[in-house]
Amino acid sequence: MIPSTLVPATELARRNPMRFPNESEAYRLARQALLAEEIELRRHIERVAEQRRALPPGGEVTGNYRFAGEQGPADFAGLFGDKQTLVVYSWMFGPQRARPCPMCTSLLSAWDGEARDMEQRIALAVVARSPIERLSAFKRERGWRQLRLYSDLDGAYSRDYFGMASDGSDGDQAGFNVFTRRGGVIRHFWSGEMGFESADPGQDPRGAPDLMPLWTVLDCTPEGRGTDWYPRLDYQEPTHATTG
């Protein structure tokens, strides 16, 4: 919990001892002002996380959801394993797609490296509507090692928890849902609910904080995330002309 009385961010910024070779006075003044804003951002992130943790109990999960995993069939309770909290990512790789969504895949590629750490505290499952054999084949192609993949056998979970387009079509929709199991009762805890309706002008729909490490890193660069570049499944190596 954040203390009720905090040192002002501007004061904490003034305590910053870092100075870099040949920086100008103008740079340092602007950087110190930015540092104060970054401290405020950190505090706001923690306030939002605290408010999220304090949510009242969500809706009980009553659907008879059935999945095929790489180790065999599973029901929804089985996705928890021995954990009391479950994170489920809805991967946009339905049977109508020739290839999975590049944005989802970029995110999951980053998570694959963190999955063992996450699963020290929670269970993590990736659900898509393609057959498990197809999901596993792409996992091998991509070099994923740790993510647990599940096929939503009849699409019931995907329909109920916004893993499918809300217009009634067969389209996929990325989803991030958190569930709890307390006293044997499974409930929905939280979901990302920021979409097109809540997007700011000139920005792609995204949640906060952003779940993709890619964007977090690019946001720290002068190029930023841009408006016309997105991850791809593959990158063609440039060809270099030879002379002689």
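The values are calculated or read from the model by the stated rules, or taken from the named source; none is laboratory data. Quick caveat: nothing in here was measured; it's all calculated off a predicted structure. Note that each Cβ is placed from the backbone with ideal geometry, even for glycine, and that neighbours are counted across all protein chains shown.
Table for the structure above
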{"item": "Failed item, numbered, when Ser151 is tested on (1) farther than 19 Å from Leu107 by Cα; (2) of a type in the set (S, T, N, Q); (3) touching a Lys or Arg at 6+ places or on another chain (Cβ under 9 Å)", "result": "(1)"}
{"item": "The range 124-143 - residue that is in contact with a Ser or Thr (Cβ under 7 Å, 6 or more places away or on another chain) and not hydroxyl-bearing (Ser, Thr, Tyr) and, of those, farthest from Leu86 (Cα to Cα)", "result": "Arg142"}
{"item": "Contacts under 6 angstrom Cβ, first residue in the range 208-234 being not assigned by TED's automatic domain parsing to the domain that holds Ser90 and among the aliphatic types (A, V, I, L, M), partner surrounded by 13 or more Cβ atoms within 10 Å (Cβ to Cβ) and in a loop (DSSP other than H, G, I, E, B), 6 or more apart", "result": "Leu218/Arg225"}
{"item": "Some residue of the range 163-177 being within 16 Å of the chain's Cα centre (by Cα), within 20 Å of Arg52 (Cα to Cα) and not aromatic (Phe, Trp, Tyr)", "result": "yes"}
{"item": "Where a residue in the range 32-57 is on the phi < 0 side of the Ramachandran plot and its partner, wherever it lies, is of a type in the set (S, T, N, Q), with Cβ under 8 Å and at least six apart", "result": "Gln32/Asn16; Leu35/Asn16; Ala36/Thr10"}
{"item": "Qualifying residue in the range 231-244 (condition: loosely packed, with under 15 Cβ neighbours inside 10 Å, acidic (Asp, Glu) and under 30 Å from Arg52 (Cα atoms))", "result": "no"}
{"item": "Subset of the range 164-218 (residues that are at pLDDT below 95, buried (at least 16 other Cβ atoms within 10 Å of the Cβ) and polar (S, T, N, Q))", "result": "Gln173"}
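Residue-by-condition table, conditions (1) touching a Lys or Arg at 6+ places or on another chain (Cβ under 8 Å); (2) within 30 Å of Tyr150 (Cβ to Cβ); (3) surrounded by 12 or more Cβ atoms within 10 Å (Cβ to Cβ):
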position: Thr5; (1), (2), (3): no, no, no
position: Asn16; (1), (2), (3): no, no, yes
position: Phe20; (1), (2), (3): no, no, no
position: Ala26; (1), (2), (3): no, no, no
position: Arg52; (1), (2), (3): no, yes, no
position: Leu55; (1), (2), (3): no, yes, no
position: Glu70; (1), (2), (3): yes, yes, yes
